[in-house]
1. When both residues are 6+ apart or on different chains and their Cβ atoms are under 6 Å apart, which pairs have a first residue that lies in the stretch 244-270 and is under 12 Å from residue 181 (Cβ atoms) and open to solvent by 70 Å² or more (accessible area, probe 1.4 Å), and a second that is modelled with pLDDT of 90 or more and assigned to a helix (DSSP H, G or I)?
2. From the list 80, 86, which one is under 23 Å from residue 148 (Cα atoms), free of Cβ contacts under 8 Å to residues at least 12 places away in the same chain and either open to solvent by 10 Å² or more (accessible area, probe 1.4 Å) or assigned to a helix (DSSP H, G or I) (or both)?
3. Run residue 98 past the list (1) open to solvent by less than 40 Å² (accessible area, probe 1.4 Å); (2) not in a helix (DSSP H, G or I) and report the number of the one that doesn't hold.
4. Answer yes or no: is there a residue in the stretch 129-152 that is at pLDDT 95 or above, of a type in the set (Ser, Thr, Tyr) and either closer than 26 Å to residue 34 by Cα or within 21 Å of the chain's Cα centre (by Cα) (or both).
5. Out of all the residues in the stretch 201-213, which are in contact with an Asp or Glu (Cβ under 9 Å, 6 or more places away or on another chain) and open to solvent by 10 Å² or more (accessible area, probe 1.4 Å)?
6. Go through the stretch 214-242 residue by residue and tally those that are in a helix (DSSP H, G or I) and surrounded by fewer than 24 Cβ atoms within 10 Å (Cβ to Cβ).
7. Testing residue 117 on (1) at pLDDT below 85; (2) loosely packed, with under 15 Cβ neighbours inside 10 Å; (3) touching a Phe, Trp or Tyr at 6+ places or on another chain (Cβ under 8 Å), one condition comes back false. Which one is that?
8. Identify all residues within the stretch 134-167 that are open to solvent by 80 Å² or more (accessible area, probe 1.4 Å) and under 19 Å from residue 64 (Cβ atoms); write none if there are none.
Amino acid sequence: MQNIWTYVQLELLHLVHDFPLLISIIYYATTFFIGSIFLILNQRFVPRIYQEYFSDFVLAFQACAITWENAVIRRAYGTLGFAAALLCTGIWIRCTCESTGNPIGNFVKYMKRKTTFANAFTKILLQMLAGQLSYNYANVWWYVELSEGHIWRSNQMTGCTSDLTVPLLIGLHVEGLGTLADVGLEVTSFKQLEKYGRFIRALCNVFITLAGVNYTGMYFNPANASAQTFGCHSNIEHILVYWIGPLLGCLLALHLTENSRKQTQHTKKVASRKGHGKRKVA
């Protein structure tokens, strides 16, 4: 019996070595499963007044935990593999979750007066905590060293490398523009194509991420960026690039979309008045 178990273990090790993608798929599936279980428990056992807070915590944890594995995919399978992972996980999150776990989402709600400052601030703090917890979660996987990618990650645990490879102002603009595009997509309706909206937003986010990943990591998620790179470089630069940049990008996106909405309403009113005037003349 012991020989059979040893044989099975060796075969599993060979399988993992030959197909490292399998471990990444198991990692993603386990992360989504854990998130789903906690969201169900949240609905059933957590008092209703606290459910939205716990939900934001779980979704932020899930989003950040996925990003740790995306780096493994990028190293093993290059840009195309990285893009595929971003697209698949992005579609899954948008189809199964009520939010993307990004603190910017709560900032948007506050700016649009859909929540109070205290509510938004509390949720953002919880999302920050969730980001840090995701690091501990990923560490458990790396410690087991199930794949070459996880061994690589395990060897990096003693060090810390910033993803900011460009000067401060350029990095701030990169994260700001990424957030501008992301928030713009989230608050924009695709009208006739709205049933494909989740897919369109996930696909666009892939291109946004690829456009800036070599410069800042293109997080446009302050909780995720802080979990991965805070303390790796100047903390002031980190706050400016990964917090101030996205907040400014968010404000600009809201300003532009609001102006566009008002302009559209004004155009419709003018067209309606002209049509009404023509009917009177007739």
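1. Partner pairs satisfying both residue conditions: 252/180.
2. 80
3. Unmet condition: (1).
4. Scanning the stretch 129-152, I find at least one residue that is at pLDDT 95 or above, of a type in the set (Ser, Thr, Tyr) and either closer than 26 Å to residue 34 by Cα or within 21 Å of the chain's Cα centre (by Cα) (or both), so the answer is yes.
5. 201, 204, 205, 208, 213
6. 8
7. Single failed check for residue 117: (1).
8. 136, 140, 143, 161
The values are calculated or read from the model by the stated rules, or taken from the named source; none is laboratory data. Quantities reported herein were computed from a predicted structural model and do not represent experimental measurements. Note that we place each Cβ from the backbone using ideal geometry, even for glycine, and neighbour counts take in every protein chain shown. Each accessible area value is taken on the protein alone, full model and side chains, heavy atoms only, with ligands, DNA and RNA left out. Shrake-Rupley method; radii C 1.70, N 1.55, O 1.52, S 1.80 Å.
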